[in-house]
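*Asks:* One structure is given below, represented as structure tokens, and several questions about it will come after.
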Amino acid sequence: MLSSGGKTTAACPVCRASGRDKKGSHLAIWANGNVNCVVGCDWREIKAILEPNWKGSNREFTHAEKMEYAKRKNDERIKAELEKINREQIAERRPTITQLWRNILSEHETEYWRAMLWEASPTSFDVESPRNSSRVLQAIYEPSETIWSGGVYDSGKPQHECHFDTAKAFLTTKEIGDRVGCSTFKKESFGRTMDNVQERKIILAESDEMTKSDSACLLHLFDLLKLQVVAVIDTGGKSLHFWIRYSKRALRLLTELVEPLKLDPGALSASHAPLRLPSCVHDITKKPARLFFLNPITQ
């Protein structure tokens, strides 16, 4: 619906019933309650559908109209109740999560956070190995899946199609770039866009407001919340990047953690964003990113 100057523009229910008004713009609803359709539908029919109890209706409502109205009202009621429950649950959980986080920090925070992450990793590897980018790709993608790898700006033009290929190609014949997409992409893509995303694989969780020794403790929190951490990468800058296996549940839980843990909300929502791979050099510090934890996705 669009409102302007006392008029609200919406879909005409009579037009919609006959398969018209797909853009939802035929109906004008005025501040005084009057309605009219730009293609001339009978205003009495419109009112009868929008307001089944309207006394001015001059016809009997069909069974389908009655059922549609009842369904619409029930859906609105359920949606409102769910939104209220979700708001209350988040408000109730926040103090619990905050206290849980404090407990984790007091027990696990250490200046030896690099060793803590590396020792907790289910996969053994040399932190300085040049093969760590390949290890990360193997841990996430099936060989036949189309992925993107390159620099930040290697996307969006036909000449960038070479940066989209199967994971197998990047692991065997093609050079792996500094970054990789957090999703797989449709074949023959040349743009790292939402429209080209085939399947999201990873959610990036990070916080520029935490110290790295504090951030490392997120591994214990995510484990308690049953979120699979696939990789932890020290970017060479201020933050640690936690690569979380994507699921709707994981995204919902991480979204709830944004405020209490000061996570970056933009990083959570970007399904087509590039992720820094090990050896990616930080723009400001000029330090290379390094892998400290690797836990392959279980198929």
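*Asks:* Spot the failing condition for Pro130; the list is (1) over 15 Å from Arg290 (Cβ atoms); (2) loosely packed, with under 14 Cβ neighbours inside 10 Å, and only one is missed.
*Replies:* (1)
*Asks:* Moving on to the next point. Hey, which of the strands (runs of 3 or more DSSP E) in the range 198-299, taking only ones fully inside, have at least 2 residues that are of a type outside the set (Asp, Glu) and touching a Leu at 6+ places or on another chain (Cβ under 9 Å)? Break it down stepwise before answering.
*Replies:* Details: elements: 202-205, 229-234, 240-245, 274-276, 290-294.
Those strands (runs of 3 or more DSSP E) span 202-205, 229-234, 240-245, 290-294.
*Asks:* If I ask for residues that are under 26 Å from the mean Cα position of the chain (by Cα) and within 16 Å of Lys212 (Cα to Cα), which ones from the range 93-122 would you list?
*Replies:* Listed by number, the residues that qualify are Trp101, Leu117.
*Asks:* Which residues, taken from the range 96-125, are closer than 16 Å to Leu224 by Cβ and not hydrophobic (A, V, I, L, M, F, W, C)?
*Replies:* Matches in the range 96-125: Thr96, Thr98, Gln99, Arg102, Asn103, Ser106, Glu107, His108, Glu109.
*Asks:* Quick test for you: out of Gly156, Gly181, Gly151, pick the one residue that is at pLDDT below 95, of a type in the set (Gly, Ala, Ser), within 20 Å of Ser271 (Cβ to Cβ) and in contact with an Asp or Glu (Cβ under 7 Å, 6 or more places away or on another chain).
*Replies:* Numbers: Gly156 fails: in contact with an Asp or Glu (Cβ under 7 Å, 6 or more places away or on another chain); Gly181 fails: in contact with an Asp or Glu (Cβ under 7 Å, 6 or more places away or on another chain).
Going through Gly156, Gly181, Gly151 in turn, just one is at pLDDT below 95, of a type in the set (Gly, Ala, Ser), within 20 Å of Ser271 (Cβ to Cβ) and in contact with an Asp or Glu (Cβ under 7 Å, 6 or more places away or on another chain): Gly151.
*Asks:* Only one of these is touching a helix residue (DSSP H, G or I) at 6+ places or on another chain (Cβ under 8 Å) and either assigned by TED's automatic domain parsing to the domain that holds Ser271 or assigned to a loop (DSSP other than H, G, I, E, B) (or both): Ser155, Ser124, Ser133. Name it. Before you say what the answer is, go through the steps one by one.
*Replies:* Values: Ser124 fails: touching a helix residue (DSSP H, G or I) at 6+ places or on another chain (Cβ under 8 Å); Ser133 fails: touching a helix residue (DSSP H, G or I) at 6+ places or on another chain (Cβ under 8 Å).
Ser155 is the lone residue from the list that is touching a helix residue (DSSP H, G or I) at 6+ places or on another chain (Cβ under 8 Å) and either assigned by TED's automatic domain parsing to the domain that holds Ser271 or assigned to a loop (DSSP other than H, G, I, E, B) (or both).
*Asks:* Assess whether Ala167 counts as being under 20 Å from Ile297 (Cα atoms) and touching a strand residue (DSSP E or B) at 6+ places or on another chain (Cβ under 6 Å). Lay out the reasoning, then the answer.
*Replies:* On the way: under 20 Å from Ile297 (Cα atoms): yes; touching a strand residue (DSSP E or B) at 6+ places or on another chain (Cβ under 6 Å): yes.
Judged against the criteria, Ala167 is a match.
*Asks:* Is the range 239-248 home to any residue that is modelled with pLDDT under 95 and touching a helix residue (DSSP H, G or I) at 6+ places or on another chain (Cβ under 8 Å)?
*Replies:* Yes: the range 239-248 contains one or more residues that are modelled with pLDDT under 95 and touching a helix residue (DSSP H, G or I) at 6+ places or on another chain (Cβ under 8 Å).
The values are calculated or read from the model by the stated rules, or taken from the named source; none is laboratory data. Bear in mind that the values here come from a model prediction, so they are computed numbers and not experimental data. Positions of Cβ are generated from backbone atoms using ideal geometry, with glycine treated the same way; all protein chains shown enter the neighbour counts.
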